[in-house]
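For reference, the structure discussed in these notes is given below.
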Amino acid sequence: MPVAMKVWVSTLVFLVVGSEALTVPLINDLEPGKGWPQRNSVKQPNTHSEEVDPFVSTTEFTTEDPSFNNEEATVTNNVAAPPKIIARAEEIESKVDYSGTQLWKVPTDKNNARVVIGRLRRRNLISTWSGNQTYIDILVKPNAIENVTRIFKRESIDFNIVIEDLQKRINEENPPLDENEVELQDRRGHRMTWKQYHRLEDIHGFLDYLAKTYPAIVSVKTIGKSYEGRDIKILRISDGKATNKAVFIDGGIHAREWISPATVTFFINQIAENFDEESDDVKNIDWYFLPVVNPDGYEFTHTSDRLWRKNRKPLLGRQCIGTDLNRNFGYRWGGRGSSSNPCSDIYRGSRMFSEPESKAVADFIKTTSANFTAYITYHSYGQYLLYPWGYENAVPPDYIDLDEVGKSMAEAIRSAGGSQYTVGASSKVLYPAAGGSDDWAKSQGIKYSFTIELSDTGHYGFILPTSFIESVAKESFAGLRVLSRQLNKNLIN
Ligand code: 0X9
Ligand code: ZN
């Protein structure tokens with residue numbers, strides 16, 4: 001493995017502390033803003049020493065390789081006991097360096113393109129970022145560029161170099177705030193802005209601030225802990241009307257998709273700060289927001305590897321870390337487009353809901369008395385508005401309703417900000433992938449279940465500069481408004 005691709009994370013001291021029983025009452029048993037657990041925002045650690053090669057993990061976006069889909073789970077019931085951690089004395093870490101790594105867009109209209117890409121991926125020369133029926137975005141390692149160029153030329157496969165040097169883009173993506181903004185932060189009582197991608201501490205601090213500031217309508221609850229012991233925090237905005245419908249929105253299932261938590265927190269800010277002036281459609285909904293489902297992964301992308309996707313739970317006796325939380329949900333778990341290889345970026349976990357983060361989401365949705373009419377999970381990238389099923393090339397019986405609502409949301413997004421979203425069943429528009437949270441939500445009877453892949457369409461990909469945050473979030477909020485209008489229109493369900 002090239003030195004540039006190595007990262008050494010050394011954590012010097014761990015302190016193990018007892019885990020807290022969840023003794024708080026269920027979210028809907030409470031008056032808005034009343035009686036929720038005491039809040040604190042703790043800077044939380046990165047606790048696992050590991051060597052990471054981003055290209056050992058391969059994201060399998062195609063299903064060309066039959067062995068891939070038919071893999072048996074190789075590891076079962078072999079999960080490391082969760083550390084009931086955690087405090088850190090000191091941490092030395094360095095970041096994965098993507099200098100010279102390139103992003104290429106490869107049209108897949110030529111028959112052999114997918115086969116060749118599959119082969120290169122298995123040889124660890126490339127990894128895949130995203131793709132659909134017509135193209136695949138691939139990352140090419142610096143020392144593989146010559147080789148891969150030659151192979152593509154020989155096979156007459158076209159490609160476009162979209163990013164010449166990924167590390168340069170990473171360096172420019174998230175510059176520090178200017179002085180004025182920092183001063184504003186100090187006066188505001190929270191550090192959240194939509195001019196920067198923030199650390200978890202700022203995001204959670206913002207949720208706590210809103211609950212404190214608007215106790216009549218805003219409540220915060222910790223619904224579980226991540227593997228490394230971070231809080232999984234949910235915020236509810238509700239005026240407590242009994243006739244309200246309930247909508248669940250999450251972000252940050254995939255660690256590197258930074259625009260997702262940024263967008264979800266933007267929604268929270270819009271609704272909480274302007275509740276009285278909001279439309280009746282928005283006010284007649286109990287909003288539940290979980291901006292960072294995967295806090296360990298999210299923090300890891302800030303401290304160590306900008307392109308990390310999975311959570312951070314290791315498998316005992318295995319070198320590779322992390323499960324793709326969006327392959328770990330319990331509907332048709334283990335099927336197509338998920339991997340049993342712990343080193344894969346789409347590793348499904350040792351069993352359904354093996355991961356504390358996916359389990360916390362599912363347990364909450366199942367046990368709360370809120371009766372959700374919609375579940376929306378924000379990801380990036382590609383500009384897609386996807387509905388089930390994802391596990392297989394099929395649609396649910398009421399897909400027409402989802403298609404209609406999806407199209408009206410996409411239209412609202414387009415007229416608000418100009419971005420074009422493709423609407424359709426995710427297995428068809430993207431690729432089949434089993435174990436997604438959207439499929440599971442649908443299987444629980446939540447009618448309007450969507451995965452929204454935010455901007456862009458691959459110019460910046462995951463490394464979307466901060467200057468895009470506000471426009472992406474604003475137009476997405478236009479889509480959410482339309483959803484709330486539709487839900488209030490449909491009296492059934
Ligand atoms: O592959 C995924 O998990 C999602 N795309 S992403 O690029 N953000 O990783 C799409 C998930 C669509 N839903 C299902 N397949 N269930
Ligand atoms: Zn994602």
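Values in this text are rule-based calculations from the coordinates and carry no lab data. As the structure is a prediction and not an experimental result, all values here were calculated from the model. Reconstructed Cβ throughout: ideal geometry from the backbone, glycine too, with neighbour counts over all protein chains shown.
Using only Cα atoms, what is the ratio of the radius of gyration of region 317-419 to 2.2 N^0.38 Å?
This ratio for region 317-419 stands at 1.28.
Rank these for me by crowding, 187, 256, 119, going from fewest to most other beta carbons within 10 Å.
Going from least to most buried by this count: 187, 119, 256.
Over region 235-352, with a single point scatterer placed on each C-alpha, what log10 of the ratio I(q)/I(0) does the Debye formula yield at q = 0.14, 0.15 1/Å?
Taken in order of the listed q values, log10 I(q)/I(0) reads -0.69, -0.75.
Could you pull out the chymotrypsin sites (Phe, Trp or Tyr not before Pro) across region 249-350 that fall in loop regions by DSSP (anything but H, G, I, E, B) with no more than 16 other Cβ atoms inside 10 Å?
Nothing satisfies the criteria.
Given N residues in region 411-493, what is Rg(Cα) / (2.2 N^0.38 Å)?
Numbers: Rg = 14.6 Å, N = 83, 2.2 N^0.38 = 11.8 Å.
Cα Rg divided by the expected 2.2 N^0.38 Å: 1.23.
Going by C-beta contacts inside 10 Å, put 413, 151 in order with the fewest on the left. If you can, show how the numbers build up before the last one.
Numbers: 413 27, 151 15.
If I rank by nearby Cβ atoms, fewest first, I get 151, 413.
Restricting the calculation to Cα positions, tell me the Rg (one decimal) and the Dmax (whole number) of region 136-295 in Å.
Cα only, region 136-295: 20.9, 66 Å (Rg, Dmax).
Counting only other residues whose beta carbon sits under 12 Å from that of residue 409, what net charge do I get with K and R as +1, D and E as -1?
Values: positive: 407, 414, 481, 485; negative: 403, 404, 411, 475.
In short, 0.
Sort 403, 231, 439 so that the residue with the fewest other Cβ atoms within 10 Å of its own Cβ comes first and the one with the most comes last.
On the way: 403 16, 231 23, 439 29.
Ordered by Cβ neighbours within 10 Å, fewest first: 403, 231, 439.
Stokes-Einstein D for region 128-214 at 4 °C, 1.567 mPa s, Kirkwood Rh over Cα pairs, in µm²/s?
Numbers: Rh = 17.0 Å.
In µm²/s, the coefficient is 76.
Which of 289, 265, 340 sits farthest toward the positive end of the charge dipole of region 257-365, with +1 on the Cβ of Lys and Arg and -1 on the Cβ of Asp and Glu?
Working it through, the farthest residue towards the positive pole turns out to be 340.
Translational D (Stokes-Einstein, µm²/s) of region 197-287 at 20 °C and 1.002 mPa s when Rh comes from the Kirkwood sum over C-alpha pairs? The partial results should precede the final answer.
Values: Rh = 13.9 Å.
After rounding, the answer is 154 µm²/s.
Which FRET efficiency value, to the nearest 0.05, do you get for residue 94 and residue 156 by plugging their Cβ-Cβ distance into 1/(1 + (r/R0)^6) with R0 = 56 Å? Provide the component values of the computation, followed by the final result.
On the way: r = 41 Å, r/R0 = 0.73.
It comes to 0.85.
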